[in-house]
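These notes concern the structure reproduced below.
The values are calculated or read from the model by the stated rules, or taken from the named source; none is laboratory data. In this text the structure is predicted, and so the values were computed from the model without any measurement. Because the Cβ atoms are built from the backbone with ideal geometry, glycine has one as well, and the counts that use them run over all protein chains shown.
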Amino acid sequence: MNDVTQLVPLVDAIPPVKGKVGHPRQRPDATQGDWGYRSAQHARELRERGIEPMIPEWGAPHGSGLGVTRWVVERTLAWLRQFRRLRVRYERRADIHEAFLTIGCILICWRFVEHL
């Protein structure tokens, strides 16, 4: 299934975000995405939920500022793909696949801390 079709259900499934005592935020203030998420319908639905979509305009030059924070996510996902069991999902059971994801994240964090 194309991931852009799951944008709104994903946003609706976000658990409350901690904020001020007694006033937990229900949703993030903004979301970032690439050009594949650029549509008037998605922007409208996000704004109805109080979320500002941060998606570059068509033809926007590189260096618009979004890449600075998105790069961290893209880099980490690329690191996860280095593990063969995560690159190609062999596991049918979700709990086993999630365990391998956890192990991959632990190894990435360990390697990152090791180089500090």
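Taking Arg87 and the conditions (1) touching a helix residue (DSSP H, G or I) at 6+ places or on another chain (Cβ under 9 Å); (2) surrounded by 11 or more Cβ atoms within 10 Å (Cβ to Cβ), which numbered condition does it fall short on, given that it satisfies the others?
(2)
So which pairs qualify, if the first residue must be in region 44-62 and farther than 11 Å from Pro28 by Cβ, the second must be modelled with pLDDT of 80 or more and of a type in the set (D, E, K, R), the Cβ gap must be under 7 Å, and the two must be at least 6 apart or on different chains?
Hits for this filter: Ile55/Arg38; Trp58/Arg38.
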